[in-house]
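All of the numbers you see were taken from the coordinates with simple rules; none came from a lab. Computed from a predicted model, the values in this text were never measured in an experiment. No Cβ is skipped: glycine too gets one built from the backbone with ideal geometry, and neighbour counts run over all protein chains shown.
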Ligand code: ITT
């Protein structure tokens, strides 16, 4: 029996970890074990970009546990709001209030374009970057929140081809289409070729 490589996920967001586990299962990356960060792990996300923040989270956990870690920093960028809330998406969300604020602000705007972006960084036990990727999923802001699946801004993110929000589609379909799915596919390719799998 081969020993599974453990890779730690530097996040306190359980929804993300569940999405990532299910995407990796579908991609048949089964011999690497994903472990959540220890209770209370937190990092000051004061970077200027998604990649910088993902690096801060992954490297802090790598150094703390002397292990390979990865982190995702993600958010929604809205064209009519000059890319906001962007890297501040988590702070801006405030239990859904932020989502209603966005819908209200966009009432008078013609341009409803937006994208979810996910940066993923893997660091070695010294906290050095050994892999990184960044992917975006393009869509439009809905006129009101719709759907019960997913988390965060999913109820206001319209997938143009389906004319449904990412909260109206099944988690299985979201995990094929999303920014996180795209980034994890790259991560899986890297795992398969780096010997970590
Ligand atoms: P960690 O930093 O601990 O990983 P977090 O939730 O604070 O957890 P981020 O800093 O990356 O994570 O913030 C991402 C926020 O962007 C997240 O809280 C959601 O509000 C939003 N978001 C990211 N991916 C999303 C998705 O797939 N669906 C809906 N909202 C998403």
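Give the residues of the range 2-20 that are touching a strand residue (DSSP E or B) at 6+ places or on another chain (Cβ under 8 Å) and surrounded by fewer than 17 Cβ atoms within 10 Å (Cβ to Cβ), sorted by residue number. Working first, answer last.
Of the residues in the range 2-20, the ones touching a strand residue (DSSP E or B) at 6+ places or on another chain (Cβ under 8 Å) are 4-11, 14, 16-17, 20.
Scanning the range 2-20 gives 4, 5, 6, 14.
If the Cβ limit is 7 Å and pairs must be 6+ apart or interchain, which residue in the range 160-189 that is under 15 Å from residue 76 (Cα atoms) and without any contact (Cβ under 8 Å) to a residue 24 or more places away in the chain pairs with which residue that is in a helix (DSSP H, G or I) and within 15 Å of the ligand (Cβ to nearest atom)?
165/154; 165/155; 165/156; 167/154; 167/155
Can you tell me which condition residue 143 does not meet? The list is (1) under 15 Å from residue 78 (Cβ atoms); (2) in contact with a helix residue (DSSP H, G or I) (Cβ under 9 Å, 6 or more places away or on another chain); (3) more than 14 Å from the ligand (Cβ to nearest atom); (4) free of Cβ contacts under 8 Å to residues at least 40 places away in the same chain, and all the others hold.
(4)
Quick check on the range 154-164. Is at least one of its residues in a loop (DSSP other than H, G, I, E, B), buried (at least 17 other Cβ atoms within 10 Å of the Cβ) and in contact with a helix residue (DSSP H, G or I) (Cβ under 7 Å, 6 or more places away or on another chain)?
The answer is no, given that none of the residues of the range 154-164 is in a loop (DSSP other than H, G, I, E, B), buried (at least 17 other Cβ atoms within 10 Å of the Cβ) and in contact with a helix residue (DSSP H, G or I) (Cβ under 7 Å, 6 or more places away or on another chain).
Inside the range 14-48, can you point out the residues that are touching a residue at least 24 places away in the same chain (Cβ under 8 Å), within 12 Å of the ligand (Cβ to nearest atom) and under 17 Å from the mean Cα position of the chain (by Cα)?
Selection gives 15, 16, 19, 20, 23, 36, 37, 42, 43, 45, 47.
What residue, of 138, 149, is surrounded by fewer than 20 Cβ atoms within 10 Å (Cβ to Cβ) and either touching a residue at least 60 places away in the same chain (Cβ under 8 Å) or not in a strand (DSSP E or B) (or both)?
Values: 138 fails: either touching a residue at least 60 places away in the same chain (Cβ under 8 Å) or not in a strand (DSSP E or B) (or both).
Every option except 149 fails the conditions.
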